[in-house]
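A quick write-up on the structure given underneath.
The values are calculated or read from the model by the stated rules, or taken from the named source; none is laboratory data. Computed from a prediction, not measured in an experiment: that's the story for all the values here. Every residue, glycine as well, gets a Cβ built from its backbone with ideal geometry; the counts of neighbours run over all protein chains shown.
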There are 2 protein chains.
Amino acid sequence: MTAFLEEHAAQVEQAAARIRDHVCRTPALTTDLDQSIRLKPECFQVTGSFKPRGAFNAVLSLVARGERPRGVIAVSSGNHAQAVALAASSVGIPALILIPEDANPAKVAATRALGAEVIQEGINFANREDRLREVMAERGYTLVHPFDDWDVIHGQGTAARELLEDAPDLEVIAAPVGGGGLLSGSAISAKHHRGSIKVVGVEPVVADDAYRSWQSHSIQTLATSPTTLADGVRTTHIGERNFAVMIEEGLVDEIVTVSEEEIANAVAVAWSRLHLALEPTGALTLSAYLSGKLPQGRAGLMLSGGNANLQTVSTILGK
Amino acid sequence: MTAFLEEHAAQVEQAAARIRDHVCRTPALTTDLDQSIRLKPECFQVTGSFKPRGAFNAVLSLVARGERPRGVIAVSSGNHAQAVALAASSVGIPALILIPEDANPAKVAATRALGAEVIQEGINFANREDRLREVMAERGYTLVHPFDDWDVIHGQGTAARELLEDAPDLEVIAAPVGGGGLLSGSAISAKHHRGSIKVVGVEPVVADDAYRSWQSHSIQTLATSPTTLADGVRTTHIGERNFAVMIEEGLVDEIVTVSEEEIANAVAVAWSRLHLALEPTGALTLSAYLSGKLPQGRAGLMLSGGNANLQTVSTILGK
């Protein structure tokens, strides 16, 4: 085991202790579909996705280091927004979330309901990074990056750590990959648990930057944010720290891609056979499993969240 | 505590030990919807509903008493069929299931896939009891009744028993009521745990026989099997043993009824907020909670199953 892996696994362990009173320990479910697989349904996590694991670890670590921030700031139209809002309000600091104007109003309302200030005016996908830097400068708030941040990565790694405590004999761990926060955290926990575990990232074929980055051993970037059912992995490239874990250190064995049809099918199977209401991103690993794209062996599927658009899901289930 | 309650609670405890290797211990979930409630999602039970708890206890008890049956027989178009099929095949005896001709073909296929023989020809809701007696006489098979059977009741009681082990401070336990198997088993476990727990049954307003039986202190029967989204509780009356537990012994405090609209709303909330894919019957207790019909206090909701008709659910979610 490398010093890199030892050090980061120790930090995941510290993250688990730090966030324990703020997040759920989600169960490791079995399923009639296949007795050999185990499911980690992060849809049952607070706010309905795994994101609070990283957000709480980041915010609590800032406070623990004595850098009590004036406030925290994040750019997100989805699960990270709610996670940062909840983590900030739990420690009593302001949260400001920049959300693109075209975001789902229900998610904006959920973020505000968690006590965050939301800025939408004039924010779009193209200008959001620039607007972020302006607002950070104005307010003096600290950024909580959605994936390219060690505290966030260590927090996300607590989910796979729990799964392997509950099911220590797993041979494969699969996680969705957008920016790479959950996948790199999972890889640290899995490879520390046992070096022979295969760690697999899953992304939509229309958002195959991680796949191409893994193949080319360099960060590849999509020209535009892709249109996919799996709207949680629309980031155009993985982060540098995520690249270091996944590819430079070789802790991810493989990245596989799934079609939109395979994702839709997995959402329907999740309802009908697993009885889980997953958002399409949350069904990516199930999609790879159902399509026969995972390595042989007892597999643990990270199901990242459940905050689905009901209209989308209704259409998928009605087909 | 009465001798009746002591004796039946002891039998639930024995049932828990007897069925342990055959069923799942489903988790007790928390939810952002309300920090004070706990969910018992029996959709994650083997075959997707609580029914195997009772079916395994009945079949294993028959075998343990030395009455190794030539086979077992059941009448069901739904979850009980799959449960009996699985329990019989697990102990290596034949199962014969009578399913009405108009049943969902997917459920028939699932029952056959579990190794059961299925008879559908000429079976309808009106004649099924007569046909059952004929076939029992021909084959010499033993009936596994879906609810009016002590072994079945004790098996079903193991779900509430687990929930109260995980969440001992609950003040209310709510369960759906059709024939009364789950409700009477839950009542035994809950009142044995603490006499002051309120036990509440929930049924559709269009299937209010249990409500009227509770009010009148005598078994009331619906003229016909009702048409309701909650197709798991279409039985026309509760069983005699269930009546004894629920009403004669007073172990159920209240029966409440919910409208079809309230049931549909609960299915949508289960998806969007609980991230659980429930069948409408499985959402009955959630429906009563959302409608403000449960007593005050920390409530445990028995969510009985997840084997939904996808078309029905798609329609509900799309509204």
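Worth pointing out:
- Residues located in segment B:96-109, provided they are of a type in the set (A, V, I, L, M) and in a helix (DSSP H, G or I): B:106, B:108, B:109
- Exactly one residue among B:270, B:288, B:266 is surrounded by 24 or more Cβ atoms within 10 Å (Cβ to Cβ), in contact with a Phe, Trp or Tyr (Cβ under 9 Å, 6 or more places away or on another chain) and either without any contact (Cβ under 8 Å) to a residue 60 or more places away in the chain or not polar (S, T, N, Q) (or both), and that residue is B:266.
- Within segment A:304-319, restricting attention to residues that are more than 26 Å from residue A:28 (Cβ to Cβ) and of a type in the set (S, T, N, Q), the residue that is nearest to the other protein chains (Cβ to nearest Cβ) is A:314.
- Residue check for residue A:275: surrounded by fewer than 24 Cβ atoms within 10 Å (Cβ to Cβ), in the same structural domain as residue A:175 (by TED's automatic domain parsing) and over 19 Å from residue A:175 (Cβ atoms): no
- Scanning segment B:171-196 for residues that are in contact with a Leu (Cβ under 9 Å, 6 or more places away or on another chain), surrounded by 24 or more Cβ atoms within 10 Å (Cβ to Cβ) and part of a loop (DSSP other than H, G, I, E, B) turns up just one, B:177.
- All of B:65, B:133, B:70, B:128 fail the test of being over 28 Å from residue B:183 (Cα atoms) and either of a type in the set (A, V, I, L, M, F, W, C) or modelled with pLDDT under 95 (or both), apart from B:70.
- So residue B:213, is it within 14 Å of another protein chain (Cβ to nearest Cβ) and either out of contact with any Asp or Glu (no Cβ under 8 Å at 6 or more places or on another chain) or assigned to a loop (DSSP other than H, G, I, E, B) (or both): no
- Apart from one condition, residue A:52 fits all of (1) out of contact with any strand residue (DSSP E or B) (no Cβ under 7 Å at 6 or more places or on another chain); (2) closer than 23 Å to residue A:280 by Cβ; (3) at pLDDT below 95; the exception is (3).
- Matching residues, segment A:275-303, being hydrophobic (A, V, I, L, M, F, W, C) and either within 14 Å of another protein chain (Cβ to nearest Cβ) or part of a helix (DSSP H, G or I) (or both): A:276, A:277, A:278, A:283, A:284, A:286, A:288, A:290, A:303
- The residues on offer are B:219, B:263, and the sole one that is assigned to a loop (DSSP other than H, G, I, E, B), over 14 Å from the mean Cα position of the chain (by Cα) and on the phi < 0 side of the Ramachandran plot is B:219.
So that you can scan it fast, the table gives a plain yes or no per residue for (1) of a type outside the set (A, V, I, L, M, F, W, C); (2) surrounded by fewer than 19 Cβ atoms within 10 Å (Cβ to Cβ); (3) in contact (Cβ under 8 Å) with a residue 60 or more places away in the chain:
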| site | (1), (2), (3) |
| --- | --- |
| B:7 | yes, yes, no |
| B:10 | no, yes, no |
| B:14 | yes, yes, yes |
| B:25 | yes, yes, yes |
| B:36 | yes, yes, yes |
| B:59 | no, no, yes |
| B:79 | yes, no, yes |
| B:95 | no, no, no |
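- Condition broken by residue A:257, with the remaining ones in (1) farther than 23 Å from residue A:154 by Cβ; (2) within 17 Å of the chain's Cα centre (by Cα); (3) in a loop (DSSP other than H, G, I, E, B); (4) of a type in the set (Ser, Thr, Tyr) satisfied: (3)
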